[in-house]
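A quick write-up on the structure given underneath.
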Amino acid sequence: MHESADEPRALLQAQSLCFARNDEAIFGPLDFSLHAGETVLIEGDNGSGKTTLLKVLSGLLDPTSGDVLLHGAPLTLAKLSHQVALLGHLPGLKLELSALENLRFAIGIGGIRPGITPHMALASVGLEGFEEAPLRTLSAGQRKRVALARLLLVPAALWLLDEPYANLDRSGIDLVNRLLDHHARRGGAALITSHGAYAFTSGTPRRIALKAAA
């Protein structure tokens, strides 16, 4: 996939992207782009490689073939902590630390977006009053909200979200949709996987159908 001179440079591009494990194709070849302000939904059956795709796009796995471009340049680990935020099935939080300590740890690695603080981020996801609570004392849904608060803090323009609605009630689902809408409105972009169909704040997102290679 090549962009014309009149098109803005894509935030993320996948070019002939393929991934195989033990010589068995998981997905590909894939060609798509993601621009600022977009929310794109990855669809596919179980085993079609949705989670694997996000790991490849985040740099956690190397593709078997093809390229991933970030702002038109090859993806490198040096760029990831400040430009790409991944929320996987596991929230990547330390259970022995408090919600506030987890967020401070995250910004120590990936920096912080101007105009927000860890306290503000926790309040934005409905966790005001839980700042000092150890993560091990929180419910799965509350831990997911801490992970969402982390997204608000880091300056990454690209969000890669694997099943972000898991472990959330209806209000939590609405929260995710509001965060996606706000992120898009301030020039960010998100690529998400989900087994469910949810009403997005900004209408119906573009969809990428993922199928295992023949």
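Values quoted throughout were computed directly from the atomic coordinates according to the rules given, and no laboratory measurement underlies them. The model shown is predicted, which means the values in this text are computed figures rather than measured ones. FYI the Cβ positions are ideal-geometry reconstructions off the backbone, even for glycines, and counts take in every protein chain you see.
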Next on the checklist: Between 0 and 90 degrees, rounded to the nearest ten: what's the tilt of helix 140-153 against the longest Cα principal axis of the chain?
Outcome noted: 70
Item to check | Reachable aspartates and glutamates from residue 50, criterion Cα separation under 19 angstrom, eight or more residues apart if same chain | outcome: 23, 24, 31, 38, 62, 67, 162, 163
Checklist entry - How many nm separate the modelled label positions at residue 166 and residue 31, each set 7 Å beyond the Cα in the direction of the Cβ? => result 3.2
Next on the checklist: Given contacts defined as C-alpha pairs under 8 Å and at least six residues apart, what's the relative contact order of the range 32-154, whole-number percent?
Outcome noted: 24
Checklist entry - If contacts are Cα pairs under 8 angstrom and at least 6 residues apart, what is the relative contact order of the chain in percent? => result 30
Checklist entry - Share of Cα-Cα pairs in the chain beyond 21 Å, in percent? => result 54
Checklist outcome for this item: Subtracting the Cα-Cα distance of residue 104 and residue 73 from 0.36 nm times their residue separation yields 8.2 nm
Checklist entry - Based on the mean of other beta carbon atoms within 10 Å per residue, what is the order of 20-32, 159-171, most packed first? => result 159-171, 20-32
Next on the checklist: Of all beta bridges DSSP finds with both residues in the chain, what is the antiparallel percent, to the nearest 5?
Outcome noted: 45
Checklist entry - So what's the angle, to the nearest 10 degrees on a 0 to 90 scale, between helix 170-185 and the longest Cα principal axis of the chain? => result 60
Item to check | Net charge, residue 113 excluded, C-beta distance under 12 Å - Lys, Arg +1, Asp, Glu -1 | outcome: +2
Checklist entry - What are the radius of gyration and Dmax of the range 53-132, computed over its Cα atoms and given in Å? => result 15.3, 48
